[in-house]
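Presented below is the structure to which this report refers.
Derivation of every value follows stated rules applied to the coordinates shown; laboratory data play no part. These numbers were taken from a predicted model, which means no experiment stands behind them. Cβ atoms come from the backbone with ideal geometry, glycine included; neighbour counts cover every protein chain shown.
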Amino acid sequence: MNKTIIYIVGATVLVGGAFLFLKNKKAKDLAELDKLGGTTGTGTGTTGTTGTTGTGTGTTGTTTQNNEVFLPSDKDMKLIDATVLMGKIKDLRVQMKKPFVGQKFQSTSSPQEQWNWTREYGYYQDAQRSIPKQIEKLLSDLDNLDYSLDAIDNLVKLDPNRNKEWIKIQKLYLSLVNSLNKDRNALIFRQKEVTELANYGYKIDPTTKKLIKI
């Protein structure tokens, strides 16, 4: 009789322990599954939405678990655009360095002047004149993004709070002074830059080469 009671009690303890073990394991498994994306339960329980749909205008997107939407910031977009411009500038500078291959003059017996250029050489010379202007425009676009290029064409971040107008004035001034150092009458042939400098309220004294406020 005592053995029978012991067996029954022992069996009850084992069954009860197994039940608690399985119950706890199931709860743990459900918790881990919920972390990975939610569970589909049976029976009664609480349910909820897995995402929201925004209304109104804006650039934000709907964010749901495991389906997130990320939008680049203005800073990221500027860097992307600046990197594209850098690539274009590098390509143009490579083109500038390419020597002309082919016949330059239509007739070697005629003077080696522009009117005697071959069509291909004329196109080459046109490109050599236009590429620097294209680079200048791209560098200006780069400056508007608050970036510039160093001596080896690497991107350099500029201070967004810099005085952009004064920097342009200084560049115009230095360019015109360099021309004056080569030719004292250079301002006559640089009227575009002279006018641009005047629009900023400055001019250059051709004698002293100083920048003067108008």
Full-extension gain in nm, SER110 to ARG93, via 0.36 nm per residue minus C-alpha separation
2.9 nm
At R0 = 41 Å, how high is the FRET efficiency between GLU120 and SER175 if r is their beta carbon distance? Nearest 0.05 is fine.
0.80
Which entries in the list LYS78/LYS164; LYS88/LYS133; LYS78/LYS171; LYS133/LYS192; LYS78/LYS137; LYS157/LYS192 go over 19 Å, if you measure between the two C-alpha atoms of each?
LYS78/LYS171; LYS157/LYS192
Dipole check, region 87-214, charges on Cβ (K,R +1; D,E -1), about Cα centroid: among SER109, SER148, ILE135 the Cα furthest to the positive pole belongs to SER109
Report, in cubic angstrom per residue, the convex hull volume of the C-alpha atoms of region 71-161.
116
Cα gyration tensor of region 163-214 - equivalent ellipsoid semi-axes, whole Å, descending:
17, 10, 10
Any idea what the relative contact order of region 163-214 is, in percent, if you count C-alpha pairs under 8 Å spaced at least 6 apart?
30
